[in-house]
1. Sorted from fewest to most neighbouring beta carbons within 10 Å, what does the list A:LEU126, A:LEU105 look like?
2. Looking at this model, which pairs from A:LYS26/A:LYS108; B:LYS202/B:LYS278; A:LYS108/A:LYS161 are more than 21 angstrom apart at the alpha-carbon?
3. Compute the FRET efficiency between B:ASP198 and B:GLN352 as 1/(1 + (r/R0)^6), taking r as their Cβ-Cβ distance and R0 = 41 Å, and round to the nearest 0.05.
4. Which whole-Hz ³J(HN,Hα) couplings does the stretch B:332-345 yield from phi under the Karplus relation 6.51 cos²θ - 1.76 cosθ + 1.60, θ = phi - 60°, glycine and proline marked x?
5. With charges set only on the Cβ (+1 for Lys and Arg, -1 for Asp and Glu), what does the dipole of the stretch B:267-355 come to about its Cα centre, in debye to the nearest 20?
6. Using θ = phi - 60° and the Karplus curve 6.51 cos²θ - 1.76 cosθ + 1.60, what whole-Hz ³J(HN,Hα) does each residue of the stretch B:156-173 get, with Gly and Pro shown as x?
7. May I ask you to compute the full-extension gain from A:ASP114 to A:CYS44, defined as 0.36 nm times their residue separation minus their alpha-carbon distance, rounded to one decimal in nm?
8. Roughly how big is the stretch B:220-319's charge dipole about its Cα centre, with Cβ charges of +1 (Lys, Arg) and -1 (Asp, Glu), in debye to the nearest 20?
Amino acid sequence: MSRPIDRHLVDQLVVEHLPVALRVAKRLVGNADSAEDVMQDALCRVLRHWKSYRGEAAFSTWMMQIVVNVAREHRRRSHEIHELTCDLAPVVTTDPLERLTVVELSEKVRAALDDLPDRQREFAMLRFGEDLPAREIATILQISEANVHSCVHLVRKRIAKTIGVDYVERE
Amino acid sequence: MWSENNLFRNDGDPGSNQQTDEFIRHSLRVDADDRRVERLRQYWRRLSHQQAWRRRKLLSASLVAASLAACALFFVGRETRDDSLPEPVSDKIASVVDGAPSANSVPSVDVQGEHASLTYGRPPTEYERILFAARQPRQLSAKRPNETTIEDLASRLTNIPRGNTDKVLASAGYSQSSAIDGLLEASRESAQRDNAFDALEKLVDVEGLAELARASRYPEVRAALALRLLATNSDASLLEYLSMVDDMAFREQALGVAKQAAKPPIGQLLVLLDDQEKSVRLAAAMTLGRLNGPDVTRLLIDRVTDQPSNSTEAWLALLACRGELADEFLAYAGRRPQLLGYYNNARVLWAQSIP
């Protein structure tokens, strides 16, 4: 089989997808410093294995798969629980009470996400964090698309439970 | 405005899920720090540059080595030719004295005769011996009187008892090694694979199959042999399969075929979690983890909940399992003080033993 990608194109694509990959790594490992370590490891792997990329999926999917694997190994190695710290978007309201409510609610949601099992947590970060389509998430996490769809409801349900409200599945 | 009450309201409003998702997205918002991105970009360029430089260096080194080898071959060849055709000293002197070429120095037209004179009456040189040895198998195989095709040989071998293989090989005109090579080559085609493997098993036994899998240069044959070892319902073949899993060089390939086994030996693997050999226990855990599935997960959960203190490898297998059930149980174990210690212990062991 002929090689569908050349070295210069790999350079361009890696540089292009670095910001997204860094964001994903940051969400997965919980803090920016560890995310940078993860990205360095991931870049080494990309460089080592770029010839194995056959163009069956988008390059970004392939690269994200590596980032997720490295982040997973990093979490296993470190044995630390990193709570996710996020940069909240500015709340469009002048009412300080409303702003406080949103910030508190966001913290609760993040805590609920931190409590998820690893696999569901990874799913949530890709689905809700990066808004990736189900097919791409299925490829990255090597699960079926049906599993991805069922995960959406599972995650919503867990968050609802943590927040303390009832959630009924809707289509 | 977002609040607990309207975030998950179930009022039949089709936009509600969207609103929930949007809020989760809002809670997960992170920025890719520009400085970090730039640092990573530079890191990538440096890595990339280093790799290119190493590749150039390797290429030039191999070019130099190749040209040195070519020069050496050229000079050695010339020296050998000079040794085999020593120019008579008297002729050289005569040509110098007379100023005219001697009769012997005139190039001969009889090439056949000249070649005969090069080899006649002397033992072969080292080079000629190597050349002869290199050509020998092709010449011998061309002359094999009662040659049988490898497919025929495979079907004949599968139909006889194990002790009689020598007779069949001799009658077919194959040595054991040439038959093994031929059968391995034939097993690259999936249509002939089962027949070829049956024949190979008659020739080399189960241990031999594992050795052949390790030595084979064809990944598809390696994978198929690993699958056969796993699927064959015997302790010896399962142990050989686990030895392949234990070997870092073949682990991924051996584990990769585990799912393809029609009836994986789950019961035997669960028993091997208590084997005396640590490597066997770990390999069994990895295989069970790769087999995965609700049945395996349920059996492993039963095992770790029945005897949590004596099930380190079962914990490892559960860590390797993927699926909702395994995730749920591990999350549960992470919250239960009675199980947390064993769970953490397994995670540490995982990090140490399974790179």
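1. Going from least to most buried by this count: A:LEU105, A:LEU126.
2. Correct reply: B:LYS202/B:LYS278.
3. Here the calculated transfer efficiency is 0.50.
4. For the stretch B:332-345, the Karplus curve yields 5, 4, x, 9, 9, x, 5, 9, 4, x, 5, 4, 5, 4 Hz.
5. Rounded to the nearest 20 debye, it is 240 debye.
6. Along the stretch B:156-173, the couplings run 5, 5, 5, 9, 10, x, 4, x, 9, 5, 4, 4, 5, 4, 4, 5, 8, x Hz.
7. Details: separation 70, 0.36 × 70 = 25.20 nm, distance 2.79 nm.
Here the answer is 22.4 nm.
8. Numbers: 10 positive and 13 negative charges, 59 e Å.
Using only the charged Cβ atoms, the result is roughly 280 debye.
All of the numbers you see were taken from the coordinates with simple rules; none came from a lab. Quantities reported herein were computed from a predicted structural model and do not represent experimental measurements. Virtual Cβ from ideal backbone geometry, glycine too; neighbours counted across all protein chains shown.
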